[in-house]
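The values are calculated or read from the model by the stated rules, or taken from the named source; none is laboratory data. Owing to the predicted nature of the structure, the values given are computational and were not obtained by experimental measurement. In this analysis, Cβ positions are derived from the backbone assuming ideal geometry, glycine residues included, and neighbour counts consider all displayed protein chains.
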Amino acid sequence: MAKILMMAGIAVVLMSLLGFAVLLLRGRIMAGTSPVLMSLKALGIRPSEAEKRLCRERVRVADIATLAPHIRPRSRAWWQLFRMASQWHCDVVIVDIRTFAIVAAIELDDASHLKRHRIRRDILLEEVLRQAGIPLLRDRDSEKLVRRIREFLRHHETDTDIISTGGMAPSTEQTEPGEKAK
């Protein structure tokens, strides 16, 4: 009986590995549908393997930010904020592969960000991320946003080098949101 169970277990593992290999070969493992990542690819930016691991798309805000430290945890107000934030996602979150610290959150503001409820959500999102110390890079124009991301990462890399050599890095301010529609 033990041999039969062991053989069945081995068969299940082999079938799972085979299925995974088929999906991998067909390219279905890639989840790359984020507008920001598509813009980067369209502009010819092909990230290396290490850089791919730094970008995560559609990350839930409640998973990366501590909500309102001045509000008593598990209170009614805290739960209201948590329910809202648990439904919010950032388009892309960049993570430092060495420390797994969050470097920045990225939002490409499409036309839906002009709606009243989205404007309110964006204001709250900016505040939650500001309180968590996570810079938010956002813009309506994807090319402008790509330039801002490059500049920010170049600046962030310089700050990281200064810190690693024993110096003090200058503090970075919250990145201002992109221009609003006229």
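The set of residues in the stretch 55-80 being in a helix (DSSP H, G or I) and buried (at least 17 other Cβ atoms within 10 Å of the Cβ) consists of V61, A62, I64.
Listed by first and then second residue, the pairs with beta-carbon distance under 8 Å, at least 6 apart or on different chains, first residue in the stretch 87-108 and assigned by TED's automatic domain parsing to the domain that holds R148, second among the hydroxyl-bearing types (S, T, Y) and at pLDDT below 95, are D91/S34; V92/S34; D96/T160; A104/T175; L108/S39; L108/S142. Only a single criterion out of (1) on the phi > 0 side of the Ramachandran plot; (2) modelled with pLDDT of 90 or more is not satisfied by R74, namely (2).
When R83 is tested against the conditions (1) in a helix (DSSP H, G or I); (2) of a type outside the set (S, T, Y); (3) crowded, with 17+ Cβ neighbours inside 10 Å, the lone failure is (3). The set of residues in the stretch 31-53 being loosely packed, with under 11 Cβ neighbours inside 10 Å, part of a loop (DSSP other than H, G, I, E, B) and modelled with pLDDT under 70 consists of A31, T33, R46, S48.
Would you confirm whether any residue within the stretch 135-158 is modelled with pLDDT under 50, more than 20 Å from the chain's Cα centre (by Cα) and of a type in the set (S, T, Y)? No.
With respect to E107, determine if the residue is part of a strand (DSSP E or B) and closer than 20 Å to V61 by Cβ. So E107 fits the description; yes. Evaluate the stretch 54-69: report whether one residue or more is assigned by TED's automatic domain parsing to the domain that holds E143, modelled with pLDDT under 85, out of contact with any strand residue (DSSP E or B) (no Cβ under 6 Å at 6 or more places or on another chain) and at positive phi. So far as the stretch 54-69 goes, yes, one or more of its residues are assigned by TED's automatic domain parsing to the domain that holds E143, modelled with pLDDT under 85, out of contact with any strand residue (DSSP E or B) (no Cβ under 6 Å at 6 or more places or on another chain) and at positive phi.
Of the listed requirements (1) over 11 Å from V61 (Cβ atoms); (2) touching a helix residue (DSSP H, G or I) at 6+ places or on another chain (Cβ under 8 Å); (3) of a type outside the set (S, T, Y); (4) not in a helix (DSSP H, G or I), C90 misses just one: (1).
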